[in-house]
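The values are calculated or read from the model by the stated rules, or taken from the named source; none is laboratory data. Model, not experiment: these values are computed from the prediction. Cβ placement follows ideal geometry from the backbone for every residue including glycine, while neighbour counts extend to all protein chains displayed.
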Amino acid sequence: MLSRFPQKTTHKTEIPVNLNVRKMTDTTQKIIEQILAIPKGRVSSYRDIALKAGIRNGARQTVRVLHTMSKKYNLPWHRVIRSNGDIALKGEGREQQIALLKNEGVDVSPNGRVNMAIFGNLY
């Protein structure tokens, strides 16, 4: 059955490049585009990203995309927070997100909240 598909190999290994590769859905692509559109020094919420991508009640889909694709597509994951301005992550991830946001000029309160009226993305 695999013989129908051309088997490409990389120079380093003999593992087929196209093995288990799935095409990105339109929804995923739209979410990625919205995440990439958040400028430095601004934040957006999971909900707002989904809405701008045309997905009603899609905050969890935004979370899924961030979780699975941030490294692959170099997404600015740190610019995405809860709609009330809270940073959702805990532990080291939270501290890293706060540091990255502060590095871009975003004020983060000691309890991990960003003023969405000031730093919320207006793109």
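Among what's in the range 74-123 and is among the hydrophobic types (A, V, I, L, M, F, W, C) and loosely packed, with under 13 Cβ neighbours inside 10 Å, pick the residue that is nearest to Lys52 (Cα to Cα).
Of the range 74-123, the ones among the hydrophobic types (A, V, I, L, M, F, W, C) are 75, 77, 80-81, 87-89, 98-101, 106, 108, 114, 116-119, 122.
Cutting the leftovers down to loosely packed, with under 13 Cβ neighbours inside 10 Å gives us 99, 117-118, 122.
On the way: Ala99: 27, Ala117: 18, Ile118: 19, Leu122: 11 Å.
Restricting to residues being among the hydrophobic types (A, V, I, L, M, F, W, C) and loosely packed, with under 13 Cβ neighbours inside 10 Å, the top hit is Leu122.
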On the given criteria, is Ile35 in contact (Cβ under 8 Å) with a residue 40 or more places away in the chain and part of a helix (DSSP H, G or I)?
-> yes
Considering (1) out of contact with any Gly (no Cβ under 9 Å at 6 or more places or on another chain); (2) at pLDDT 50 or above; (3) hydroxyl-bearing (Ser, Thr, Tyr), say which one Thr10 fails and leave the rest.
-> (2)
